[in-house]
Structure formats: C-alpha cells, structure tokens
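> Could you have a look at this structure, given as structure tokens, before my questions?
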Amino acid sequence: MASSAAQISFCNTAPASFRKPTFRPSTTAFSGQRLYNTTHFGSSPSSASLKLSGNNCNGWSIGPFGMASEKVTGIYLGNANSAFGAIGINCSRSSSFHCFAQKTARSVSVNAQSDTAPAAGEERVVVLVIGGGGREHALCYAMKRSPSCDAVFCAPGNAGISNAGDATCIPDLDVFDSSAVISFCRKWDVGLVVVGPEAPLVSGIVNDLVKAGIPAFGPSSEASALEGSKNFMKSLCDKYGIPTAKYKTFTDASNAKQYIQEQGAPIVIKADGLAAGKGVIVAMTLEEAYEAVDSMLVKGVFGSAGFRVIVEEYLEGEEASFFALVDGENAIPLQSAQDHKRVGDGDTGPNTGGMGAYSPAPVLTKELQDLVMKSIILPTVKGMSAEGCKFVGVLYAGLMIQKKSGLPKLIEYNVRFGDPECQVLMVRLECDLAQVLLAACRGRLSEVSLNWSPGSAMVVVMASKGYPGSYQEGSLIQNLDEAENIAPSVKIFHAGTAQDSEGNYVAIGGRVLGVTAKGKDLQEARDRAYQAVEAIDWSGGFYRRDIGWRALPEKQFVTKA
C-alpha cells in the first residue's frame, strides 16, 4: 500500500474510531517537526504517517499500542485546552518509542525496552508513580530503565520529569482521590502503583488500591504511623527493644518545659506528626528548646502535626540513612546513603528536607549494616506484624552512629524512599525495579537479590534562596541541558520546577533541583556533580558547597559563590 498521510483534527473528544489506534514502530529515527513517515498506522502493515492538530482540544487518547508481539499500554491526555501542534512517534529503536505533543507540558513516554531484555516469561507491567518531587523523578528514571516496564506514568509529576521523557505526567489526577486513581489504573491496565510522598500513604491510598486489587508499593495508613506519629514509633521501640533515644511525649507546654529543664541542653524537640521534614528542632540551649515547644504547642506553627511533641535525648555522633525493602515479613537492605539535613555548610543552620546526599556511606560498614538489620529493621518488621499491622514498602531508618560507643540508635522512621537519598540510590541500581517492588507487594522478597553499580554517587540539592524559610517563586533557571552534558554520568532530577509561557524553567518550590552524578569513587562523583551545578545559571538559587565533607575530610571543597 502506498504511503499516505492522515490529518485528523478533533476538538472536545476524539472520534471513537481513533481512540484506540495501534502503532507499529519502524526502526527509522524520525526527523522534521510535523509529519513523520516512521510509523505504520492501524492494525495492518500499511505504511502511513499520522498528523494530529487542533485548537482548544479538550481531550484525545492514544492507546493501547502494539509493538511486534508485545502489548504496551498507551496514554490518555485530557483537558489540554491548547493547540497541540503536531504529535509524532519517535521510533529511533524498534523496541521503544516516545509520543509527545508539542506546545504542551504533557508528554507520553511508553517504554518497552531497557539495556537488557526482560527475563523469559517475565510479566510486563505499567507503572504509576505517585508524587511530583525529586524522589519521584528518580523513581520514574529507574522504572524507565526497568526491562519489564512498558510505560511509566507520574501523577502529578513535574515539568522536568515530563520533558526528560522519564514518565508521562498526569497533572490533573488527584492523588488524594482514591477512586480517581483506581479509575485511572483500570483504564490503563496499571499493574503497579508506587507511592512516593508520605501524605498519600498516611491518608490511606494503599489501603484503597489493594482493596481494589491493584498492586501498590507502600504501607497502609495504619503502618504509615511509623512516620505519621513519632509517638507511635517510639512506643513500638519500647515494646520490642529497638534502640532509640530516651524520650517523653507532651501535649502541655508547661510540663514539656519542666522536663526540658530537668534534662538540660542540648535536647531535641519534635512535632509528633508530619511536618514536611521541618518538625525537628535541635536546641543547643534551654531558651531554644522552650521556644520550640511554644512554637508547636502554643503558636501551632505545624498545625495538627505539632499538637503533641516528643522531647528527646540529644545523641552525639554521625547521622546516616539506612533503607530496607519490606514485604510484611521479610526485609532486604538497600545500599547505604548519607544525607545533609542542615541548610548551611559545615552542618549549620536549621534542618531541611535534605541539601545533598551520597552513596555508599563509609560510616555504615558491612558489620554495622548487619547490626542495623538485626537490632532495628527486623525487630520492627516482626513487631509490626505481631501488632496486626504488617508493613509493606520502604523502611527508611534515620540513624545516629553514636560517637562514644560506635553503635547505632534509631532517630526516626520514614515509610518511603528518602529525598534526596533516593536519587543517589536509583542511579546506582542495576536491576529491574518494577519486578523488585512487585515481589515486595506479593510477599516474595526472599526470592530477590539486588545489583548495584560500583563506585559512588552524589546529589547536590539546589534550593530557592530563603529555604527552608519563606522564598520567592518564579526565578528563571537556565543552562540545564549544558549542565547535564558535563559528563554521561550526570543526571538532573527536578523537584520544584515549572515552565513559563516561553518554555523556560522557573523555580516554584523550596528544593528545586537534585544535580546527581556517579563516579569511580566519591571524589569523582562529587567533582562531576559540582561541575554540573556551576554550569547552571540560576541567580535565585543556592546550594551547599561541602556535600560529602564527612567522607572526604581532607579534600578541597567548592567555594564558588
């Protein structure tokens, strides 16, 4: 059949006959902007190119897709309300393609390949990642590289995730509306949902997904109390002999202050609930501790999260992050990582959500990791199961390696991948993440082994000036492509970016970019990461210049302002 071009304009909704076309990619890379003779359109092997255009189009859909003998789920794009321009199919390889709509922030990335083929008989899976920060960008990036993963969706996602082609972003999907998420999953045959942030977990999205028969990686709302309530976590530690700092819980400011006076400073004040990583005050004086108590219990700066506070013993030593995948009964450790919580160089200033991280962390030796698994992680998993509250997901243990004894104590639990630790872990992971997380959902982690790249990885967080306090949004960010091309091992993960009307990146969050690099060792990873950071033109941002200083104490650090 002769090659032909089909031009279809549809506003409001796509004609029924075009709602589920089948694309068969060729091996020819496309070129040009509007008309691509690189696809076979339809179920027959006829050769045709497809051009879609229209103004004020409210919705159209592409999917499911057929590729050779494999079936890949496509994507529905609704409420675009813009002139799409052209839609093309990138067929630079016969086993993958990317669909994209010009002049729109949304793009479709349907991936049926990785550097290695899926194992014989291994199921294909479509993945939905919940969240829109740097952690979720890293998870999408790893999912895209998973051999068994056919498509990656991210809700709501962000501009960087979409433009990088690491996932198809669904900004209109309300991730706190379980029924909407379930409907989306059923519509597009999503076989795995990975929940990134803690808030949807605590609100019970996994409960609802599992009840609907959709595999979801993350803990139930009940199990999420390990992070959602520090008092719950501390009580579990007491009951099952898990080493942690001495503490007391208060709802009355006067009683809390009396206890603080008895204990003396330094001392730690924590909001009981979720406070976006900002609810921990390390008070070096009694006055600072009293002020922290008043801010939470009297002024209510953290809302309901601070209606109850934990007053905790100050532990001196080195902090480290320990991650383990859990399937309810079994747990396997991930590689070690260490982050930098304080906003300023030399670990000074207030705590943040994290200003940088590196992996592996020399402080977590093999012997220490074994001890953490034995004394902290496994007792927690068994304890949660015994309480009738099985934990499935990532246990992220914030540890203090005590200066005097060298032994670990649990500072806190998070119930999801850490941010920015997830970024350095995902660039080092060398196995099929989709299948690993499915195994966890099915209670089969005992059958899983993980592979990691040698060497090290580092991420430097670039944040808006003023963070973790108030900051101004809308500042222009330039030269991201140049920065990412510093070295093949550099990857920039977006956390708080959007695009303006001219397509430029602008900052809309506190922590905005995670500039990540791998190297043969930590020094090389660090050098590459900071070279990329320096290439970025962003007058409204700042970053710490000493990420990794504990592991590289004798090295020179970046001093560029």
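> Take residues that are surrounded by fewer than 17 Cβ atoms within 10 Å (Cβ to Cβ) and tell me which of the helices (runs of 4 or more DSSP H) falling wholly in the stretch 216-285 contain 3 or more.
On the way: elements: 225-228, 230-240, 253-263.
Answer list for the stretch 216-285: 230-240, 253-263.
> Still on this model: Mind checking whether some residue in the stretch 489-511 is basic (Lys, Arg) and within 18 Å of HIS137 (Cβ to Cβ)? Please lay out each step first, then the result.
The initial filter retains those residues of the stretch 489-511 that are basic (Lys, Arg), namely 491, 511.
Still in the list and also within 18 Å of HIS137 (Cβ to Cβ): 491, 511.
So far as the stretch 489-511 goes, yes, one or more of its residues are basic (Lys, Arg) and within 18 Å of HIS137 (Cβ to Cβ).
> Okay, moving on. Scanning for something surrounded by fewer than 20 Cβ atoms within 10 Å (Cβ to Cβ), of a type in the set (Phe, Trp, Tyr) and part of a loop (DSSP other than H, G, I, E, B), does the stretch 174-195 turn up at least one residue?
yes
> Do any strands (runs of 3 or more DSSP E) lying entirely in the stretch 291-365 carry at least 3 residues that are open to solvent by less than 40 Å² (accessible area, probe 1.4 Å) and closer than 17 Å to LYS230 by Cβ, and which ones are they?
Strands (runs of 3 or more DSSP E) meeting the threshold: 309-313.
> Just for strands (runs of 3 or more DSSP E) wholly inside the stretch 378-489: which have at least 1 residues that are open to solvent by less than 10 Å² (accessible area, probe 1.4 Å) and on the phi > 0 side of the Ramachandran plot?
Output list reads 392-402.
> Then there's this: Can you tell me which residues in the stretch 342-377 are under 26 Å from MET284 (Cβ atoms) and without any contact (Cβ under 8 Å) to a residue 40 or more places away in the chain? Full working, then the answer.
Let us first name the residues in the stretch 342-377 that are under 26 Å from MET284 (Cβ atoms), namely 342-357, 361, 363.
Hits for the stretch 342-377 are ARG342, ASP347, THR348, GLY349.
> So for the stretch 125-143 (the condition being surrounded by 22 or more Cβ atoms within 10 Å (Cβ to Cβ), touching a residue at least 40 places away in the same chain (Cβ under 8 Å) and over 17 Å from the mean Cα position of the chain (by Cα)), does at least one residue qualify?
Within the stretch 125-143 (the criterion being surrounded by 22 or more Cβ atoms within 10 Å (Cβ to Cβ), touching a residue at least 40 places away in the same chain (Cβ under 8 Å) and over 17 Å from the mean Cα position of the chain (by Cα)), the answer is yes, since at least one residue qualifies.
> Looking only at the stretch 163-173, how many residues end up being open to solvent by less than 10 Å² (accessible area, probe 1.4 Å) and either in contact (Cβ under 8 Å) with a residue 60 or more places away in the chain or more than 25 Å from GLN435 (Cβ to Cβ) (or both)?
The qualifying residues number 2.
> If you don't mind, another one. Filter the stretch 524-553 for residues that are of a type outside the set (A, V, I, L, M), within 19 Å of ASP339 (Cα to Cα) and out of contact with any strand residue (DSSP E or B) (no Cβ under 8 Å at 6 or more places or on another chain); which is modelled with the lowest pLDDT?
Ranking the qualifying residues of the stretch 524-553, first place goes to PRO553.
The values are calculated or read from the model by the stated rules, or taken from the named source; none is laboratory data. Since this is a predicted model, take the numbers as computed values, not measurements. Here the Cβ is made from the backbone with ideal geometry for all residues, glycine too, and neighbour counts use every protein chain on show. Protein only, heavy atoms only, side chains kept; ligands, DNA and RNA dropped before computing areas. Shrake-Rupley method; radii C 1.70, N 1.55, O 1.52, S 1.80 Å.
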